[in-house]
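Heads up, the thing below is written out as structure tokens.
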Amino acid sequence: MRIVVLEDEPDIADAVVDVLRRDGYDVTHAPDRTALFDAVAEAPTDLALLDVMLPGAPEAGFDAARDLRAAGFEGAILFTTARDAVDDRIAGLDLGGDDYLVKPFSLGELRARVRALLRRSGTTRASLVTHGRLSADLAARAVTWDGEPVALSEREFALLELLLHDPRRTFTAPDLQDRLFPDASSGSAVVRVYVRQLRTKLGPDAIRTTPAGYRLGDP
């Protein structure tokens, strides 16, 4: 699943992006409205996480939600803000928002609300995804290879899930590192380690290495 986060405070943005990526989501940070709309236009988005108040624009998140819905955005919208008045919550929901989380919030609660919104909106991919000998239940986070269950770590599953979402796409090592291992100090070497681990568990042909990066092997 893909999430775009509109948040101007670097510390909050870094924490939110990191925890959601650890949960296996494809997360893009947008520091302003322009970046938000560019990100949503770039690829299908399942959830927009919008900070209501941006510098010089106390209702930027509300305005963004209105514009997204007017443009036909069908994903879930979750507002985050320090404004906790009932009228503000009503306004956000009336503009097309699906939930409202007041700052400061715990990352655990954020994760739970994201999961609930994706389930409620029907965007959770509960069905089985198959690719050749590989099958993955993305909701149950269960994987089989040639019909045999394969135990994957959280990071291994996150890497495999990202590749499964776009099996024809080649991901560069820096892109995978930025999306899945932003806290790694070893650079793109961490990507090679996890690719090697997946190949060991799934088979040497499960992931292809190309001059541009990595992609799923042929079905």
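The values are calculated or read from the model by the stated rules, or taken from the named source; none is laboratory data. In this text, all values refer to a predicted model and were calculated from it rather than measured experimentally. Cβ coordinates were reconstructed from backbone atoms using ideal geometry, including for glycine residues, and neighbour counts include every protein chain displayed.
Which residue, of THR28, THR34, is in a helix (DSSP H, G or I) and either at pLDDT 90 or above or surrounded by fewer than 21 Cβ atoms within 10 Å (Cβ to Cβ) (or both)? So that I can check it myself, show each step before the final result.
On the way: THR28 fails: in a helix (DSSP H, G or I).
Criteria check complete, one pass: THR34.
Looking for whichever is over 20 Å from ALA112 (Cα atoms), outside the structural domain of LEU163 (by TED's automatic domain parsing) and out of contact with any Gly (no Cβ under 7 Å at 6 or more places or on another chain) here; the options are ALA15, ALA30. Which one fits? Don't jump to the end; show me each part of the working.
On the way: ALA15 fails: over 20 Å from ALA112 (Cα atoms).
ALA30 is the lone residue from the list that is over 20 Å from ALA112 (Cα atoms), outside the structural domain of LEU163 (by TED's automatic domain parsing) and out of contact with any Gly (no Cβ under 7 Å at 6 or more places or on another chain).
Would you confirm whether or not segment 149-158 contains a residue that is surrounded by 12 or more Cβ atoms within 10 Å (Cβ to Cβ), touching a strand residue (DSSP E or B) at 6+ places or on another chain (Cβ under 6 Å) and in a strand (DSSP E or B)?
Yes, segment 149-158 contains a residue that is surrounded by 12 or more Cβ atoms within 10 Å (Cβ to Cβ), touching a strand residue (DSSP E or B) at 6+ places or on another chain (Cβ under 6 Å) and in a strand (DSSP E or B).
When the residues of segment 137-152 are narrowed to those that are within 18 Å of the chain's Cα centre (by Cα) and among the small types (Gly, Ala, Ser), which ends up nearest to LYS201 (Cα to Cα)?
My answer is ALA140.
Taking the condition at pLDDT 90 or above, crowded, with 21+ Cβ neighbours inside 10 Å, touching a helix residue (DSSP H, G or I) at 6+ places or on another chain (Cβ under 8 Å) and not in a helix (DSSP H, G or I), does LEU20 pass?
Values: at pLDDT 90 or above: yes; crowded, with 21+ Cβ neighbours inside 10 Å: yes; touching a helix residue (DSSP H, G or I) at 6+ places or on another chain (Cβ under 8 Å): yes; not in a helix (DSSP H, G or I): no.
So LEU20 fails the test.
To keep it simple, each residue is scored yes or no on (1) over 18 Å from the mean Cα position of the chain (by Cα); (2) within 19 Å of VAL143 (Cα to Cα); (3) part of a loop (DSSP other than H, G, I, E, B); (4) polar (S, T, N, Q).
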{"residue": "LEU163", "(1), (2), (3), (4)": "no, yes, no, no"}
{"residue": "ASP175", "(1), (2), (3), (4)": "no, no, no, no"}
{"residue": "ASP178", "(1), (2), (3), (4)": "no, no, no, no"}
{"residue": "VAL190", "(1), (2), (3), (4)": "yes, no, no, no"}
{"residue": "TYR194", "(1), (2), (3), (4)": "yes, yes, no, no"}
{"residue": "LYS201", "(1), (2), (3), (4)": "yes, yes, no, no"}
{"residue": "ASP205", "(1), (2), (3), (4)": "yes, yes, yes, no"}
{"residue": "ARG208", "(1), (2), (3), (4)": "yes, yes, no, no"}
{"residue": "ARG215", "(1), (2), (3), (4)": "yes, yes, no, no"}
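Quick test for you: out of GLY92, GLY75, pick the one residue that is surrounded by 17 or more Cβ atoms within 10 Å (Cβ to Cβ), at pLDDT below 85, touching a strand residue (DSSP E or B) at 6+ places or on another chain (Cβ under 9 Å) and not assigned by TED's automatic domain parsing to the domain that holds PRO182. Before the answer, list the steps.
Working: GLY75 fails: at pLDDT below 85.
When all the criteria are applied, what remains is GLY92.
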